[in-house]
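The values are calculated or read from the model by the stated rules, or taken from the named source; none is laboratory data. All figures in this text were calculated on a predicted structure; none of them were measured in a lab. All Cβ positions, glycine included, derive from the backbone under ideal geometry; neighbour counts span all protein chains shown. These area figures cover heavy atoms from the full protein model, side chains too; ligands, DNA and RNA do not enter into them. Shrake-Rupley method; radii C 1.70, N 1.55, O 1.52, S 1.80 Å.
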Amino acid sequence: GRITQECKNLLNKTNFAPDPKLFSDSTRKLTFNSAVKNISYIKVRSFDVCTFVAFGAAQLGIAGDDVVQEFDYSEVYAPLDLNIGHCRLSVAALESLLEKEDPATWSNIRIATKYPNLAKSFYAGKGVQVEAIKLNGSMELAPTLSMCRRIVDLVSTGKTLKENGLKEIEKIMDVQSKLIVNRSSYKTNTKEIESIIETFKNIIQ
């Protein structure tokens with residue numbers, strides 16, 4: 001996804017750097033070797049990383065804090081911020097709507113988002129009831145096509161919002177990528193996993 005280059009730069013500094021094909025668009029392979037025998041890689045969609053780790057298909061993963069908190073798996077432990085993939089999760093609405101309404105007066109709203117749990121939790125704290133339409137992409141189209149008038153999505157520069165007639169209203173959370181670990185794997189392979197965590201700590205300092 002959007003952090004591919006940053007991940008590549010980070011992992012290539014480790015002693016367990018992946019096969020370069022991991023970052024290539026020319027292959028459909030999903031499993032890759034590394035520079036050491038006991039570590040291999042899988043390539044999955046960013047929104048699925050936590051699920052693969054939670055169910056033990058992978059022992060470790062790199063996932064955005066947005067995904068970690070949206071799924072909130074009890075089996076996922078996030079010991080380290082990786083200082084890559086910085087952006088924010090925000091609420092945005094049609095500029096035409098904001099000319100007529102004050103967001104502080106909202107009480108019952110419909111939102112399109114990949115993050116229904118985070119959106120509902122955020123607005124529950126404000127006493128606002130939310131109907132969340134779950135979309136996996138092209139969120140900015142939903143208000144344009146009258147599915148809803150507000151979205152919750154990741155924002156970096158805000159350019160996409162502006163080009164689609166939307167305005168950022170407020171930030172729900174800052175986001176960056178984290179190293180995540182399966183708790184059961186950590187208990188049974190503590191030494192090996194701690195070594196990997198230390199390697200990342202030394203690189204990002």
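Just checking: which of the helices (runs of 4 or more DSSP H) contained wholly in the stretch 1-74 hold 3 or more residues that are charged (D, E, K, R) and in contact (Cβ under 8 Å) with a residue 24 or more places away in the chain?
65-71
Exactly one of these conditions fails for GLY165: (1) more than 19 Å from SER46 (Cβ to Cβ); (2) open to solvent by 70 Å² or more (accessible area, probe 1.4 Å). Give me its number.
(2)
Identify the single condition in (1) under 23 Å from the mean Cα position of the chain (by Cα); (2) open to solvent by less than 40 Å² (accessible area, probe 1.4 Å); (3) modelled with pLDDT of 95 or more that PHE16 does not satisfy, given that it satisfies every other one.
The failed condition is (1).
Check ASN136, ASN83, ASN117 and return the single one that is modelled with pLDDT under 95 and either assigned to a loop (DSSP other than H, G, I, E, B) or open to solvent by 70 Å² or more (accessible area, probe 1.4 Å) (or both).
None of the other options fit; the residue is ASN136.
Based on this model, can you work out whether ASP81 counts as under 28 Å from PRO18 (Cα atoms), among the charged types (D, E, K, R) and touching a residue at least 60 places away in the same chain (Cβ under 8 Å)? Talk me through it step by step, then tell me what you get.
On the way: under 28 Å from PRO18 (Cα atoms): yes; among the charged types (D, E, K, R): yes; touching a residue at least 60 places away in the same chain (Cβ under 8 Å): yes.
Against the criterion (under 28 Å from PRO18 (Cα atoms), among the charged types (D, E, K, R) and touching a residue at least 60 places away in the same chain (Cβ under 8 Å)), ASP81 qualifies.
In the stretch 169-187, is there at least one residue being under 21 Å from the mean Cα position of the chain (by Cα), over 30 Å from ALA57 (Cβ atoms) and charged (D, E, K, R)?
In the first step, residues of the stretch 169-187 are kept if they are under 21 Å from the mean Cα position of the chain (by Cα); the result is 169-183.
Going one step further and asking which of them are over 30 Å from ALA57 (Cβ atoms), we end up with 169-171.
Next, from what is left, pick out any that are charged (D, E, K, R): 170-171.
Yes: the stretch 169-187 contains one or more residues that are under 21 Å from the mean Cα position of the chain (by Cα), over 30 Å from ALA57 (Cβ atoms) and charged (D, E, K, R).
Going through ASP153, ASP102, ASP174 one at a time, which residue ends up being under 30 Å from TYR41 (Cα atoms) and surrounded by fewer than 17 Cβ atoms within 10 Å (Cβ to Cβ)?
Result: ASP174 is the single residue among ASP153, ASP102, ASP174 that is under 30 Å from TYR41 (Cα atoms) and surrounded by fewer than 17 Cβ atoms within 10 Å (Cβ to Cβ).
Which numbered condition trips up LYS187, out of (1) outside any strand (DSSP E or B); (2) open to solvent by 80 Å² or more (accessible area, probe 1.4 Å); (3) in contact with a helix residue (DSSP H, G or I) (Cβ under 9 Å, 6 or more places away or on another chain)?
It fails just one condition, (3).
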